[in-house]
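Inspection log for the structure reproduced underneath, given as structure tokens.
The values are calculated or read from the model by the stated rules, or taken from the named source; none is laboratory data. This is a predicted model, so every value here is computed, not measured. No Cβ is skipped: glycine too gets one built from the backbone with ideal geometry, and neighbour counts run over all protein chains shown.
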Protein chains: 2
Amino acid sequence: MPTKSEKKSLPALSERPNLATAEDVPRFPPCADCALRKSGRFTPITVTELAFVQDFRHANRVAPPGTVLIRETSSEGKLYTLYAGWAFRYKTLSDGRRQILNFLLPGDFIGLQQHFNDGAAYGVEALTSVSLCAFQQNGLMDLFKALPALGFDVTWLAASQKNVLDENLLTAGRRNATERVATLLLQLFQRAERVGLVVDGAIEFPLNQQHVADALGLSLVHTNKTMRRLLGLGLYRIEGGRLELLDRKALSRIADHDDGALRPVPLI
Amino acid sequence: MPTKSEKKSLPALSERPNLATAEDVPRFPPCADCALRKSGRFTPITVTELAFVQDFRHANRVAPPGTVLIRETSSEGKLYTLYAGWAFRYKTLSDGRRQILNFLLPGDFIGLQQHFNDGAAYGVEALTSVSLCAFQQNGLMDLFKALPALGFDVTWLAASQKNVLDENLLTAGRRNATERVATLLLQLFQRAERVGLVVDGAIEFPLNQQHVADALGLSLVHTNKTMRRLLGLGLYRIEGGRLELLDRKALSRIADHDDGALRPVPLI
DNA sequence: CGATGGTTTGACGCTACTCAACATAAGTGG
DNA sequence: CCACTTATGTTGAGTAGCGTCAAACCATCG
């Protein structure tokens, strides 16, 4: 039977004084000055739409690592865009076994499912310090009505999160431990790359091995041994909380996972 | 390493002359007479919206069991609503290992992700004879513009499919074989129940054990042994291609899965 | 009938899990 | 500054759940 995971995680990792990414939490400029959007790594948006989004944004929120942003039991339909930092969605069984469903990176839209709640629930927890743009809970329909293109973008984001879930399900269901680790490293790197988080060929990597295990459906011990093996093969390096891929071709081959640049997605 | 699955599946199961469901393929009435919608098991819709949907519907399609409705490699953005019958979405690794991502029941909206293609691909295959409403490929944005409420519904459907994926990922990642089978049986029954497919306390069950294995990330042999065990415990019965749950409480307990009625979702 | 697809069962082996212990780094309070 | 604690990573030993291989059984079909 799979591992039970710890109930709490501590800030330790994310407080290392390294190349800062989530450490210096960005404040919240008006949407027109949004650093994320200005990176040019998202699909374009009109000024009208931008103004609407600004108006739709209801509040901002900053939270330290380990914060539960959405409780697994709650059914409040909070809506966020992750502006900076890392988080993850998860579900747990009643005996504590935890499955991480997917990791959330800047630009990801959070909480859409709760909004249409089915009773089904998931939790969201911050991995690093995070900054969130919080939207009006009941305004989603208004957004669709006022600016259909934005509604379209919301759907687009939902669809691309579904793609990630598809991949993760394939991984958990049909890949062995080595393939799983390779897939995860590659996938996270690709996703970070898309939103411009690569600095000096490396990305921040705030996961501990328990997170990796819970994301891949493996036990902590086996995850460790598998990661150690890939490390020994010189395929990647994690130092100072940052991940560098030393042989993407090999990882891509092991994972049987395409290593191409991901297309831009919208930013709400 | 997980099982390789068969490349092809044949109609065998679905052609049994039993209580007909997908056998007598429904023809396509105008949307106003849609049998599915008239079942009252979907969220309400206005006449204006209904007219638009009718217009948005571009063609109909009927396909026999085993038909590949969407090829895993294609990136054409076909859009369908499954009107009658069962299908499933899947991904395969290059050596043939297959993961079924989720099963599709009447009312499910198909093809949304391809529409926003990321390079990521999945296939869709008919389990039974299926009837599909095919929509205009490039008209999705028009739909959002013309009737935002319909766009909202599309998003809603995407979100509820995401919920199913979340559950399936939890299952594949953290449940053992017995729990997985129990979860699948219960989940399919609940979903079938929601759209009114229960007749005499049983639903059509067109999956063979290879499908179950591929959905749960198990090998065929182990799936068989596990199903046999649950059968021996008198928890369910499959006869003549129909599934009956004999002890939902027990299944729900084993699966650690809530056994409540699912809420209605929209129908496009 | 033989052919085919699906189900079932037994034997065996390996991957991944469990248990347990130890190492390391960082933080805390005295 | 040190003893103590906590989080995380590492390694070894033993085991079991699940995969693989192989063969048989059964039903349907041409």
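What about B:A215, is it aliphatic (A, V, I, L, M), within 12 Å of another protein chain (Cβ to nearest Cβ) and within 16 Å of DNA strand D (Cβ to nearest atom)? Here the answer is yes, as B:A215 does meet what is asked. Within the range A:184-202, the set of residues being in contact (Cβ under 8 Å) with a residue 24 or more places away in the chain and over 20 Å from A:Q161 (Cβ atoms) comprises A:V199, A:D200, A:G201, A:A202.
Contact map, the range B:138-167: residues that are of a type in the set (S, T, N, Q) paired with residues that are at pLDDT below 95, Cβ distance under 7 Å, separation 6+ or inter-chain. Pairs shown: B:S160/A:F116; B:S160/A:D118; B:N163/A:Q113; B:N163/A:D118; B:N163/A:A120. The requirement of being within 15 Å of DNA strand D (Cβ to nearest atom), more than 18 Å from B:G260 (Cα to Cα) and within 14 Å of another protein chain (Cβ to nearest Cβ) is fulfilled somewhere in the range B:199-210, by at least one residue. Is it true that some residue in the range A:169-186 is away from DNA strand C (no atom under 15 Å from the Cβ), facing chain B (nearest Cβ under 10 Å) and of a type outside the set (G, A, S)? Yes, the conditions are met somewhere in the range A:169-186. Answer yes or no: is there a residue in the range A:185-197 that is buried (at least 21 other Cβ atoms within 10 Å of the Cβ), over 21 Å from A:L105 (Cα atoms), modelled with pLDDT of 95 or more and within 15 Å of DNA strand D (Cβ to nearest atom). No - not one qualifying residue is present in the range A:185-197.
The criterion of being modelled with pLDDT under 95 and not assigned by TED's automatic domain parsing to the domain that holds B:L216 does not hold for B:A51.
Residues of the range A:227-268 that are within 14 Å of another protein chain (Cβ to nearest Cβ) and either within 11 Å of DNA strand D (Cβ to nearest atom) or under 30 Å from A:G96 (Cα atoms) (or both): A:A255 alone. Is it true that A:G234 is part of a loop (DSSP other than H, G, I, E, B) and in contact with a Lys or Arg (Cβ under 8 Å, 6 or more places away or on another chain)? Against the criterion (part of a loop (DSSP other than H, G, I, E, B) and in contact with a Lys or Arg (Cβ under 8 Å, 6 or more places away or on another chain)), A:G234 does not qualify. Report whether or not A:L132 is modelled with pLDDT of 95 or more, crowded, with 21+ Cβ neighbours inside 10 Å, away from DNA strand D (no atom under 16 Å from the Cβ) and within 20 Å of B:M141 (Cα to Cα). Spelling it out, it is not the case that A:L132 is modelled with pLDDT of 95 or more, crowded, with 21+ Cβ neighbours inside 10 Å, away from DNA strand D (no atom under 16 Å from the Cβ) and within 20 Å of B:M141 (Cα to Cα).
Taken over the range A:222-258, the residue count meeting the criterion of being touching a residue at least 60 places away in the same chain (Cβ under 8 Å) and farther than 16 Å from A:Q187 by Cα is 2.
May I ask you to verify whether B:N102 is touching a Leu at 6+ places or on another chain (Cβ under 8 Å), within 23 Å of A:R191 (Cβ to Cβ) and within 10 Å of chain A (Cβ to nearest Cβ)? In short, yes. Of all residues assigned to the range A:74-81, at least one qualifies as being closer than 23 Å to B:S160 by Cβ, crowded, with 21+ Cβ neighbours inside 10 Å and either more than 14 Å from chain B (Cβ to nearest Cβ) or acidic (D, E) (or both). Taken over the range B:119-140, the criterion of being closer than 30 Å to B:S94 by Cα, out of contact with any Phe, Trp or Tyr (no Cβ under 6 Å at 6 or more places or on another chain) and within 14 Å of another protein chain (Cβ to nearest Cβ) is satisfied by B:G119, B:A120, B:A121, B:Y122, B:V124. In this structure, B:F205 does not satisfy being crowded, with 18+ Cβ neighbours inside 10 Å, free of Cβ contacts under 8 Å to residues at least 60 places away in the same chain and away from DNA strand C (no atom under 16 Å from the Cβ).
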